Structures are given as structure tokens and as C-alpha cells.
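The values are calculated or read from the model by the stated rules, or taken from the named source; none is laboratory data. Remember, it's a predicted structure, so these values are computed and weren't measured experimentally. As a convention, Cβ positions derive from the backbone with ideal geometry for all residues, glycine included, and neighbour counts pool all protein chains shown.
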Amino acid sequence: MAEAATAWHEVITEVLRRNEVSLVTYVPDNVLRPLIGAIEADPYFTAFPVAREEEGVGIVCGAWMGGMRGILLMQTSGFATLANVIASLPCAAQIPAVLMVSERGTLGEFNLGQALVCRTMRPVLDALAMEHHTVTRLDEAEFMVERTLRQAFATQAPACLILSPLLTGGKTVKA
Amino acid sequence: MEALHNAKVMNRFDLTKRLVAKLKDEAVIGGIGNSNFDLWASGHRPQNFYMLGSMGLAAPIALGFALAQPQRRVFALEGDGSLLMQLGCLSTIATRAPRNLCVILWDNGVYQITGSQPTPAATARTDFVAIARASGLSQSHWAADEAEFESLVDASLAGEGPFFIGVRVDSQPAVAQPERDPSRIRDSFMRGVGSKG
């Protein structure tokens with residue numbers, strides 16, 4: 001084997017930096033913990049938690065209108081709170097708010113509520129005609145994240161990256 | 001609570017005009033409904049953003065903008081019903097403590113645009129300035145009258161924020177509305193604040 005593979009959260013951190021996404025807002029999530037930790041530890045990023053996902057969309061949109069690129073990190077249930085503000089702010093005003101969702105509710109979910117609300121995520125993204133991709137493999141992560149960011153900024157369109165348990169390991173409990 | 005109930009009930013359009021008259025290159029984020037309608041009616045400025053949807057996000061948008069352009073002051077104009085939907089943002093603002101941000105709350109106690117139904121906060125006599133202060137925004141004040149509103153705005157233009165100004169207002173509807181073209185509004189704002197063009 002060659003050198004040890006870079007972890008998924010290291011790949012994402014580097015791609016965010018390379019694309020000048022310096023503002024990172026998030027609602028904490030256990031699966032995202034290594035990514036949040038890496039970003040918080042890096043002085044390049046302005047990173048902080050928000051009280052609610054809607055608020056993060058507003059902050060990222062306001063920052064972009066001021067000339068700063070940003071992203072909002074959350075889990076599936078948090079995304080489910082966002083349809084109205086995504087439709088009426090970044091979609092309507094053509095603002096490239098980038099969302100990154102740690103996917104709960106599938107591939108070993110233990111919480112019925114998460115399993116149910118997960119089913120609404122892709123239909124909502126499709127209904128809003130939002131570009132979205134699900135990252136499942138480490139060897140595809142850099143390409144998918146980088147190209148999604150570039151396209152969002154180039155076309156002034158919001159986008160969503162879903163991080164599958166296949167990539168992150170997800171969150172499980174013993175049965 | 002006393003401060004709230006001693007504050008004079010003023011007129012949002014009158015006060016919006018008084019605010020705008022003091023501005024140079026400051027950004028203003030007008031919240032959903034009458035907050036941005038009165039901003040528009042006070043005379044369009046390239047540095048104005050008129051938020052047509054996303055109820056409750058005027059202050060978060062202003063926070064994001066304040067972080068992106070720390071050298072430019074930004075005002076958020078938000079209604080009481082809108083803020084009630086997103087009270088958590090006050091803690092976030094307090095945590096980031098942007099020196100260039102001022103939130104102005106128009107408190108008429110009703111959801112004016114949907115038929116003037118009273119808000120739960122009005123019925124419960126909730127004090128938004130007390131909430132702001134308890135959220136960590138120490139420079140939070142009710143404007144007792146028009147003169148104090150102007151002096152609080154002057155202080156926010158001269159000093160280091162974040163600031164929160166609570167204003168009791170009547171239920172006069174707005175006299176004009178901006179054109180409902182969100183991408184055009186966004187593009188105009190970005191050019192007005194030097195982010196584009």
C-alpha cells in the first residue's frame with residue numbers, strides 16, 4: 001500500500017480553503033465532529049455554531065452578498081427545517097449558499113424519526129431544482145466537493161452536498 | 001418592563017426616514033413586509049437589501065454581511081413577529097459581537113401584514129430589549145421617543161456595536177413596496193456595497 005489515505009474531513013477542509021470558503025456556520029452533529037474540529041482549529045476559517053439552520057442560511061447569504069464565501073453544515077433533520085428559507089432567499093435571489101448535510105436516517109439508523117425525515121431531503125432538493133450530490137467514496141470526495149463549490153459560485157446557485165454513512169461511517173448504536 | 005411600557009408609540013415610516021437621512025454608505029437589510037416596504041418608501045439607496053421572503057432572517061443576513069465587510073456599518077430592520085421566529089440569532093450576534101452591526105426592532109405587537117393578529121409576545125407583554133440584553137447584547141435600549149431614537153442611531157453610527165434598538169410603533173401600513181424581483185434586488189445591493197461590478 002502507498003501512504004495512508006487522507007481522512008474525509010481533511011479532504012473537505014482543504015477543498016474549502018482552496019476555494020476560499022472561509023465562513024463556516026454549523027449546527028453541531030456527531031458525525032461532523034472531526035470536520036468541525038479541523039475547521040475550528042484552523043485560523044483561516046471564521047467558524048461558529050448557530051442556534052438554528054435557518055439562521056445559518058441567512059448568515060451565509062448575507063456574507064456572500066458582502067463578498068465572503070460560506071457554507072452551512074448540519075444533519076438531515078436540520079435540513080428538513082429549511083425549505084421555506086432556501087426557496088425564498090438563495091433560490092429566489094440567486095445566492096450560492098452551499099449546504100453540507102451529514103446523512104442520518106439510512107444505512108443503520110436507530111432513530112425512527114431520523115429514518116422518516118430523511119425521506120424528505122432529496123425530494124425537497126429536487127423540488128427546488130437544487131444541484132445536489134451524495135458523497136459515498138473517499139476517492140471521489142475531492143472531485144465532488146470541489147466541482148460542486150465551483151459550479152455554485154460560477155452559476156450563482158445554491159447547492160447541497162450530502163455526506164453518506166458510506167463516507168463518514170455514520171452514527172450507530174448497538175442493537 | 002417599565003422601559004417598554006413608557007416608550008412612546010411612534011411611526012415606523014417616520015423613523016425609517018429619520019434613519020435613512022443619517023446614512024452615507026452604510027448597508028441596510030430590510031426585513032420581510034413593512035420593514036422593507038418603508039425602507040423602500042424612504043428613498044431607494046444602492047446599499048439597501050429588501051428581504052421579500054425568509055421571515056426572521058434580516059438580522060442573520062446582516063450578521064453575515066457584517067462579518068464579510070467589517071469596515072462598513074450595517075443595520076437590520078426587523079419586525080417583532082419576525083424576531084420572535086428567530087430569537088436564537090441574538091445569542092449568535094452576541095457571541096460574534098460585530099462592532100459594525102445594529103439591529104433595529106419595530107415592535108407593533110401584531111402580525112400587521114396578515115391582518116394585525118396580536119403576537120404571542122404582545123399578549124404576554126414580552127420585552128424584546130430585555131431578551132436582547134439577556135442574550136448578551138449589552139447595548140440594547142428602548143427608544144423613548146423620536147429624539148432618543150435619533151440619538152441611539154447616532155451612537156450606533158459613531159461607536160462600537162453590536163447595538164439593539166427597540167422601537168414601539170403604530171400599525172400604519174407602508175405607503176409603497178419595492179419591485180418583487182429578488183435577483184435584481186440582490187444584484188443591485190451587491191453593486192451598491194462594492195461586492196460586484
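Some notes on this structure:
- Exclusive hit being assigned to a strand (DSSP E or B) and either touching a Lys or Arg at 6+ places or on another chain (Cβ under 6 Å) or not charged (D, E, K, R) (or both), set B:104, B:131, B:93, B:113: B:104
- Checked against (1) modelled with pLDDT under 95; (2) not in a helix (DSSP H, G or I), residue B:46 passes all but condition (1).
- Restricting attention to the range A:148-175 and to residues that are small (Gly, Ala, Ser) and surrounded by 21 or more Cβ atoms within 10 Å (Cβ to Cβ), the residue that is nearest to the chain's Cα centre (by Cα) turns out to be A:159.
- Complete set of residues in the range A:51-79 that are more than 14 Å from the chain's Cα centre (by Cα), within 23 Å of residue B:56 (Cβ to Cβ) and either facing another protein chain (nearest Cβ under 7 Å) or touching a residue at least 60 places away in the same chain (Cβ under 8 Å) (or both): A:51, A:52, A:55, A:58, A:59, A:61, A:62, A:63, A:65, A:66, A:68
- Top-ranked residue of the range A:102-139 - restricted to ones that are among the hydroxyl-bearing types (Ser, Thr, Tyr) and out of contact with any helix residue (DSSP H, G or I) (no Cβ under 6 Å at 6 or more places or on another chain), ranked as farthest from residue A:169 (Cα to Cα): A:120
- Top-ranked residue of the range B:68-85 - restricted to ones that are of a type outside the set (A, V, I, L, M) and not in a strand (DSSP E or B), ranked as nearest to the other protein chains (Cβ to nearest Cβ): B:69
Conditions (1) within 19 Å of residue B:89 (Cα to Cα); (2) in contact with a strand residue (DSSP E or B) (Cβ under 9 Å, 6 or more places away or on another chain), marked per residue:
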site: B:131; (1), (2): yes, yes
site: B:144; (1), (2): no, no
site: B:148; (1), (2): no, yes
site: B:161; (1), (2): yes, yes
site: B:170; (1), (2): no, yes
site: B:175; (1), (2): no, no
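- Test for residue A:87: is it within 21 Å of residue A:19 (Cβ to Cβ) and either away from chain B (no Cβ under 14 Å) or at pLDDT 95 or above (or both): no
- Some residue of the range B:97-120 being under 24 Å from residue A:81 (Cβ atoms), of a type outside the set (A, V, I, L, M), surrounded by 20 or more Cβ atoms within 10 Å (Cβ to Cβ) and within 14 Å of another protein chain (Cβ to nearest Cβ): no
- Those helices (runs of 4 or more DSSP H) of the range A:18-130 in which 2 or more residues are closer than 20 Å to residue B:97 by Cα and of a type in the set (Asp, Glu) occupy A:53-65.
- Per the listing A:101, A:135, A:117, A:124, the residue uniquely over 23 Å from residue A:21 (Cα atoms) and touching a Ser or Thr at 6+ places or on another chain (Cβ under 7 Å) is A:117.
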